[in-house]
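The values are calculated or read from the model by the stated rules, or taken from the named source; none is laboratory data. Computed from a prediction, not measured in an experiment: that's the story for all the values here. Note that each Cβ is placed from the backbone with ideal geometry, even for glycine, and that neighbours are counted across all protein chains shown.
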Amino acid sequence: MKASFALLLPLLLPLVSGQVFHWGPCPEPLVQPNFNLQKYLGKWYEIEKLPASFEKGKCIEANYSLRADGTIKVFNTEFFKGRVKSIEGTAVVQDIRQPAKLGVSFSYFTPYSPYWVLTTDYVTSAVVYSCTDVVRLFHVEFAWILSRTRTLPEATINFAKNMLASDNIDISKMIPTDQQGCDKEP
């Protein structure tokens, strides 16, 4: 096992660069009880996050809308290097008994990644968590504090961070997302 892991590790490290990873399996935080997808749809602004190599810009936002086939259109935008970048993906409720545990994919060639809504009031803020085990030896995790506006009160941000920390999610690397001057960007 050690020899095969030693050969596998150099191949896996590029996948987690720029991400937050920890040894061992993913934590299993509780998700929003009685999650209502219809209320969650719409525009969310990223306020803080654990670092993600696929998000490098400012003015990051996500817009969720229901498609005719019942899947959720995920449309993410950011302002990076002088231009607006966007990507469209698909989210699905993978188990109707746990509707707050969504799966998200941004390519037909990749499996759905976890997108768990830990808490939301639907009108102000939400806390989202994603974690993927890599051969049960370590895990790569993401967390986002989202808002319906470009800012949140510090007390709300602290509440979100405390919630993540109480679920054994390391928030020490969380960084704020620049949402300044976004309405002036092209």
What are the pairs with Cβ atoms under 7 angstrom where one residue, in region 38-62, is in contact (Cβ under 8 Å) with a residue 60 or more places away in the chain and crowded, with 17+ Cβ neighbours inside 10 Å and the other, located anywhere, is among the aromatic types (Phe, Trp, Tyr) and not in a strand (DSSP E or B)? Sequence gap at least six, or different chains. 40/122
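Can you name the residue in region 19-37 that is over 29 Å from residue 84 (Cα atoms), of a type in the set (S, T, N, Q) and in contact (Cβ under 8 Å) with a residue 24 or more places away in the chain and is also surrounded by the fewest Cβ atoms within 10 Å (Cβ to Cβ) among such residues?
Here is the first cut: in region 19-37, the ones over 29 Å from residue 84 (Cα atoms) are 22-36.
Narrowing further to those that are of a type in the set (S, T, N, Q): 32, 34, 36.
Of the ones still in play, those that are also in contact (Cβ under 8 Å) with a residue 24 or more places away in the chain are 32, 36.
Details: 32: 21, 36: 12.
So, considering only residues that are over 29 Å from residue 84 (Cα atoms), of a type in the set (S, T, N, Q) and in contact (Cβ under 8 Å) with a residue 24 or more places away in the chain, the one surrounded by the fewest Cβ atoms within 10 Å (Cβ to Cβ) is 36.
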Taking first residues from region 81-100 that are without any contact (Cβ under 8 Å) to a residue 24 or more places away in the chain and second residues anywhere that are assigned to a loop (DSSP other than H, G, I, E, B) and crowded, with 17+ Cβ neighbours inside 10 Å, the pairs with Cβ under 7 Å that are 6 or more apart or on different chains are none
The lone condition residue 158 fails out of (1) surrounded by fewer than 19 Cβ atoms within 10 Å (Cβ to Cβ); (2) more than 28 Å from residue 24 (Cβ to Cβ); (3) out of contact with any helix residue (DSSP H, G or I) (no Cβ under 9 Å at 6 or more places or on another chain) is (2)
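If you go through region 81-116 one residue at a time, how many are assigned to a strand (DSSP E or B), of a type in the set (Lys, Arg) and within 23 Å of residue 27 (Cα to Cα)?
1
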Can you confirm whether residue 90 is under 17 Å from residue 37 (Cα atoms), under 14 Å from the mean Cα position of the chain (by Cα), among the β-branched types (Val, Ile, Thr) and surrounded by 19 or more Cβ atoms within 10 Å (Cβ to Cβ)? no
Whichever residue in region 133-149 is within 17 Å of the chain's Cα centre (by Cα) and charged (D, E, K, R) and, among such residues, is nearest to residue 180 (Cα to Cα): 148
Scan of region 115-155 for residues that are charged (D, E, K, R), surrounded by 13 or more Cβ atoms within 10 Å (Cβ to Cβ) and within 21 Å of residue 59 (Cα to Cα), ordered by number: 148, 150
Qualifying residues in region 144-167 (those that are touching an Asp or Glu at 6+ places or on another chain (Cβ under 9 Å) and more than 26 Å from residue 82 (Cα to Cα)) - the one modelled with the lowest pLDDT: 167
So residue 56, is it under 20 Å from residue 182 (Cα atoms), among the basic types (Lys, Arg) and at pLDDT below 90: yes
